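Colleague: Sharing a structure with you now.
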Amino acid sequence: MSTQETLMQVRVRAVTYEADGILGFELVPMPPLKELPAFTAGAHIDLHLPNGLLRSYSLLNAPSERHRYLIGVNKDAKSRGGSRYMHEVLRSGETLTIGAPRNNFPLDETSPMNVFIAGGIGITPMMSMIARSQALGTPWRLHYAARTRRNAAFLDVLQGFHNQPNAELRLNFDQEAGGQMLDLSAIVQSLPAGAHVYCCGPLPMLAAYEQATAGLPPDRVHMEYFAAKEAAATDGGFIVELARSGKQLEVRAGQTILDSLLAIGIEPPFSCQEGICGTCEVRVLEGTPDHRDLVLSNAEKAANDRMMICCSGCKTAKLVLDL
């Protein structure tokens, strides 16, 4: 755990059913905290779970709220213990350690209109963006896809925007009568002039979204992944030097840089181990990373001055990291 990370204690004030397989958690500050750190739309927090796991979840309440954080957790069938713990063990009244909010999926507040596309649990980062758009008076449109209504979380909150100025809600349940898959090409082609578009959902949706938006200016296209789309770099065969300690280690075949660090007792901050949360970001002082993450932009990757050590590798014989 990084000594620079801001940690705080919160209490689970409430656990609520939001949809089949999705629970909502309301987290409130514990003394001496009177309010929680401010956050921006699209931000997430890291939860340090009592079972030793670190997991990241999007904040879904309005950024104007400081008295609580709201998160939604989908019980993943392939859970490595994070979502399973949240669903089966954690109860209201218990305490948790969390990190301060961070944002890899920010809302551009200068946009004349925001169009949100969400699939399943991908609705969570959109909730705070919608609240912020409402507060700014920015017109917005949401395309929300789920298998059925029973699988769609936070419908009661979203229905509350019905008939409100500047708000447009389009629900799509592909396994219900009359339902069909979202036509992302049609959605993108019908974007109002200057609109920014945001997408979060399962990998096939995001792949189709990337293809549909390929012709748009990159600064108007935003997305967040909840799962990796390519394998971590595990070819090994290079040296990592830790600038602060002066230590060197060899990354062997079958290992990530993170694996190699953990093997010698060095434990930097990490969470998802898939390159999607940004927790393990480290500055690169020398060498060329083999970027495999879904956090850095193409321009940030080209700069080669930082990397996600849980999944990215090395294209040169040696990497010098700010560790």
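Colleague: Quick one: is Ala243 touching a residue at least 24 places away in the same chain (Cβ under 8 Å) and buried (at least 17 other Cβ atoms within 10 Å of the Cβ)?
Modeller: No, not satisfied.
Colleague: So which residues in segment 251-308 are part of a strand (DSSP E or B) and closer than 22 Å to Leu7 by Cα, if there are any at all?
Modeller: If the condition is that a residue be part of a strand (DSSP E or B) and closer than 22 Å to Leu7 by Cα, then Glu281, Val282, Arg283, Met308 are the ones that fit.
Colleague: Have a look at Thr16, Thr40 and point out the one that is within 28 Å of Tyr198 (Cα to Cα), assigned to a strand (DSSP E or B), of a type in the set (S, T, N, Q) and at pLDDT 95 or above.
Modeller: On inspection, the qualifying residue turns out to be Thr16.
Colleague: Is it the case that segment 132-145 has a residue that's of a type in the set (A, V, I, L, M, F, W, C) and at positive phi?
Modeller: No, every residue in segment 132-145 fails to be of a type in the set (A, V, I, L, M, F, W, C) and at positive phi.
Colleague: Just checking: which of the helices (runs of 4 or more DSSP H) contained wholly in segment 138-220 hold 2 or more residues that are farther than 28 Å from Val73 by Cβ?
Modeller: 184-189, 203-212
Colleague: Then there is this: Tyr17 passes all but one of (1) open to solvent by less than 60 Å² (accessible area, probe 1.4 Å); (2) without any contact (Cβ under 8 Å) to a residue 24 or more places away in the chain; (3) hydroxyl-bearing (Ser, Thr, Tyr); which number fails?
Modeller: For Tyr17, the failing item is (1).
Colleague: Among the residues of segment 109-131, is any touching a Phe, Trp or Tyr at 6+ places or on another chain (Cβ under 6 Å), open to solvent by less than 70 Å² (accessible area, probe 1.4 Å), without any contact (Cβ under 8 Å) to a residue 12 or more places away in the chain and not in a helix (DSSP H, G or I)?
Modeller: So far as segment 109-131 goes, no, none of its residues is touching a Phe, Trp or Tyr at 6+ places or on another chain (Cβ under 6 Å), open to solvent by less than 70 Å² (accessible area, probe 1.4 Å), without any contact (Cβ under 8 Å) to a residue 12 or more places away in the chain and not in a helix (DSSP H, G or I).
Colleague: What is the residue count in segment 283-314 for residues that are among the acidic types (Asp, Glu) and open to solvent by less than 50 Å² (accessible area, probe 1.4 Å)?
Modeller: Total satisfying the criteria: 2.
The values are calculated or read from the model by the stated rules, or taken from the named source; none is laboratory data. Fair warning: this is a prediction, and the values are worked out from it, not measured in the lab. For neighbour counting, all protein chains shown are included, and Cβ atoms are generated from backbone atoms with ideal geometry for every residue, glycine included. Each accessible area value is taken on the protein alone, full model and side chains, heavy atoms only, with ligands, DNA and RNA left out. Shrake-Rupley method; radii C 1.70, N 1.55, O 1.52, S 1.80 Å.
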